[in-house]
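Before any comments, here is the structure.
Read-outs throughout are calculated quantities, based only on the coordinates presented, and are distinct from any laboratory measurement. None of the values given here were measured: they were computed from a predicted structure. Neighbour counts are summed over all protein chains in view; Cβ atoms, including those assigned to glycine, are modelled from backbone coordinates with ideal geometry.
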Amino acid sequence: MRQRRWIGGVAALVVLAVLVGVVVARKSGQPKDDKPKEATLVFTTQEVVQPQSMALPGKVTFSGPLVAPSTVTVRAKAAGTLVSLRVDEGSRVTVGESLGVIDLAELNARLNEKTAQAEAAKALLAQAQRSHDSNLGLAEQKFISPIALENSRASLESAKAQYNAALAQVETARIQLREAALVAPISGIVSKRHALPGEKVAAEQELLTIVDLRKLEMAGSVGTHEVGQLRPGMPVQLQVEGVDTPIEAHLARIAPAAEVGTRSIGVTVTLDNPKELLRAGQFATASVTLPEGAPRLTVPVTALSSSSGQDYVWTLEQGKLLRRTVTTGRRDATRGLVEITDGLAAGSQVLAARFDNLREGQEARIQNATQAASAASGPAKTL
């Protein structure tokens with residue numbers, strides 16, 4: 001009896017071991033999925049928009065400092081000692097006004113030398129004329145040969161040429177002396193003095209800078225995608241720092257080529273400043289309003305992101321997030337809208353704001369009205 005019980009116990013243990021082994025084998029044969037399933041992103045109806053077709057008012061803006069194109073640097077035309085300067089920085093001058101005195105002893109000496117040479121040439125000319133007149137009388141009496149008479153005429157012509165050359169040198173010396181005088185070439189304001197009285201100045205050394213503020217310019221740059229919408233003569237609204245009201249100006253010039261190493265093209269705006277209230281160096285922002293264009297798809301500016309020079313938006317398509325590269329057009333800063341000219345369909349579901357850590361292909365959906373009401377009545381949920 002004991003032997004049968006022992007055998008039955010052994011058999012039960014064997015059966016139990018077999019069952020445990022089968023269960024373990026089945027569990028070990030099943031694939032392990034240690035990676036947790038990624039949660040589905042849920043966006044509210046306010047966070048998702050559809051592109052709207054509308055015509056945006058075009059506007060091109062650029063900025064830069066004001067400059068005075070009529071800026072002249074007065075230079076010394078000859079070497080000498082700067083005896084005096086009659087104007088200071090900020091002084092107003094008129095064209096032709098004397099600005100100072102340079103000791104031009106060298107130029108005066110050169111003028112005296114050229115004048116003396118001209119007098120000598122004049123005396124030689126008078127002598128050659130008398131000699132030729134005498135030879136004419138001798139030739140009529142057959143006392144000299146025709147060849148001698150021709151030589152006399154040639155000497156007279158040479159003396160005349162030498163005298164005219166001497167007179168030209170005298171006039172050149174007078175012009176140099178006249179131009180060496182320090183006079184204002186334009187009317188304006190002295191912006192800087194580069195030398196002081198008593199200094200020894202060299203030829204072409206800078207002495208004064210004069211600025212005419214009655215007409216100013218602003219040089220800026222626009223992108224190559226915007227320059228095609230601009231034309232010289234277009235009105236410009238100029239907002240100058242320190243001035244409350246915008247100033248009317250005009251687009252004067254557009255550069256023929258883009259700046260080296262950039263995708264921008266230089267443009268120049270001109271404005272009248274008759275009362276000289278504006279100053280060169282003030283910073284200004286220019287705004288050119290373009291004619292209204294054709295209706296295009298628009299999305300909020302906040303929906304637009306950029307990477308490596310490309311603009312893109314996030315869309316919800318068939319329950320997944322997709323990143324769409326788009327081409328943009330005009331922008332309306334007042335309403336916060338931007339045109340999408342390519343890369344987006346009319347019925348697309350576009351994320352209206354920028355979100356971090358989005359991944360293309362990630363599951364996502366829009367929260368319906370029932371869920372939104374439930375979420376509003378319950379505690380806030382962080383996704």
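At a 10 Å Cβ-Cβ cut-off, how would you order 334, 315, 172, fewest neighbours first?
In order of increasing Cβ crowding within 10 Å: 334, 172, 315.
Calculate how many DSSP beta bridges within the chain are antiparallel, expressed in % of all such bridges and rounded to the nearest 5.
95
So for each of 352-360, 206-214, 236-244 I average, over its residues, the number of other beta carbons within 10 Å; can you give me the resulting order with the highest mean first?
Put in order of decreasing packing, that is 206-214, 236-244, 352-360.
Enumerate the amide H contacts of residue 70 below 5 Å, restricted to partners 5 or more residues apart or on another chain; note that Pro and chain-start residues carry no placed amide H.
212
Just need the relative contact order of the chain here, percent rounded to a whole number, with Cα pairs under 8 Å and 6+ apart.
Relative contact order comes out at 26 percent.
Which of the listed residues, 70, 175, 315, is farthest toward the dipole's positive end in the chain, when Lys, Arg count +1 and Asp, Glu count -1 at the beta-carbon?
The residue sitting farthest along the positive end of the dipole is 315.
Between rounded, prolate and oblate, where does the chain land on the alpha carbon gyration tensor, with a ≥ b ≥ c its root eigenvalues, rounded for a/c under 1.5, else prolate if a/b exceeds b/c?
prolate
Fewest Cβ neighbours within 10 Å first, please rank 189, 102, 147 accordingly.
Starting with the residue having the fewest Cβ neighbours, the order is 147, 189, 102.
Can you tell me the relative contact order of region 105-179? Whole percent, Cα pairs under 8 Å, sequence separation 6 or more.
With pairs under 8 Å counted, the relative contact order is 52 percent.
Which net charge results when you count Lys and Arg as +1 and Asp and Glu as -1 among the other residues whose beta-carbon is under 13 Å from that of residue 365?
-2
So which trypsin sites (Lys or Arg not before Pro) in region 74-122 are both in a DSSP loop and have at most 13 other Cβ atoms within 10 Å of their Cβ?
Sites meeting the loop and neighbour criteria: 86.
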